[in-house]
Amino acid sequence: MAEQKITRGNASQFFVAGELCRRGYSAVVTLGNTPNTDILCSDLAGTKFVHIQVKTYIPGNKTCSIGKKAEKHPGDNFFWVLGGIPTPGSERCFEYYIIPSDIMSLNTKSSHQLWLDTPGQKGQPHKDTDVRMVMIPPNKSPYGWDISWYLNRWSLIEEKLQ
């Protein structure tokens with residue numbers, strides 16, 4: 001199971017890089033060698049760059065796990081791409097949510113704090129963890145935010161590279 005998750009995560013990075021190359025940019029998968037950057041993407045002249053952190057989920061799942069790292073905002077040229085990669089034989093389409101790092105950071109912090117401040121089903125306090133989740137539309141969380149607007153918003157990355 002863990003191997004499948006790693007393989008799916010690797011595939012997701014290559015699918016995202018492939019889409020960026022298809023759109024006329026240079027995209028390199030860092031193979032885990034760069035903190036906060038799964039893909040380094042530039043214009044073809046190599047003069048403008050964006051850093052992309054990729055997280056993977058299966059389309060149809062309710063959530064995508066992003067982790068505590070999502071609370072940090074390393075800079076304006078950093079993005080998160082939540083990649084919905086269908087299982088083999090699935091009829092589902094690929095899904096990509098392109099979210100600027102500042103938006104991800106702000107919403108991850110606030111939704112996690114709201115979760116911590118809200119008692120559990122039996123009135124017990126929630127215990128802090130490093131787990132952070134984003135609800136995948138059409139699913140909604142009382143602690144979360146709606147990422148629907150970011151579906152296939154490749155233009156957010158393209159604006160930084162023009």
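The values are calculated or read from the model by the stated rules, or taken from the named source; none is laboratory data. The shown structure was predicted, so the numbers you read here are calculated from the model rather than taken from an experiment. Glycine gets a Cβ as well: all are built from the backbone with ideal geometry, and neighbour counts include every protein chain shown.
Just a few scattered comments:
- Positions within the range 12-36 being in contact (Cβ under 8 Å) with a residue 40 or more places away in the chain and not charged (D, E, K, R), in sequence order: 12, 13, 15, 16, 20, 25, 36
- Flag if residue 103 is in a strand (DSSP E or B), at negative phi and in contact with a helix residue (DSSP H, G or I) (Cβ under 9 Å, 6 or more places away or on another chain): no
- For the range 1-20, a residue qualifies if it is loosely packed, with under 13 Cβ neighbours inside 10 Å and closer than 17 Å to residue 79 by Cβ, and exactly one does: 18.
- Test: residue 159 is modelled with pLDDT of 95 or more, among the acidic types (Asp, Glu) and under 20 Å from residue 6 (Cα atoms): no
- Hits in the range 30-49 - residues which are among the small types (Gly, Ala, Ser) and either surrounded by 14 or more Cβ atoms within 10 Å (Cβ to Cβ) or in a helix (DSSP H, G or I) (or both): 42
- Residue list for the range 56-96, restricted to those being buried (at least 20 other Cβ atoms within 10 Å of the Cβ), in contact with a helix residue (DSSP H, G or I) (Cβ under 8 Å, 6 or more places away or on another chain), without any contact (Cβ under 8 Å) to a residue 60 or more places away in the chain and not aromatic (Phe, Trp, Tyr): 56
- Residue count for the range 106-125, restricted to those that are of a type outside the set (Phe, Trp, Tyr) and closer than 26 Å to residue 82 by Cα: 10
- Residue match in the range 114-122 (condition: assigned to a helix (DSSP H, G or I) and without any contact (Cβ under 8 Å) to a residue 12 or more places away in the chain): yes
- Filtering the range 123-136 to residues that are in a loop (DSSP other than H, G, I, E, B) and farther than 13 Å from residue 96 by Cβ leaves 123, 124, 125, 126, 127, 128, 129, 130, 131, 132.
- One residue from 99, 103, 52 being surrounded by 14 or more Cβ atoms within 10 Å (Cβ to Cβ), modelled with pLDDT of 95 or more, closer than 16 Å to residue 135 by Cα and in contact with a Leu (Cβ under 8 Å, 6 or more places away or on another chain): 99
- Residue pairs meeting the criteria (Cβ under 8 Å; at least 6 apart or on separate chains; first assigned to a loop (DSSP other than H, G, I, E, B), in the range 137-161; second buried (at least 17 other Cβ atoms within 10 Å of the Cβ) and small (Gly, Ala, Ser)): 141/111; 143/111; 144/111; 145/111
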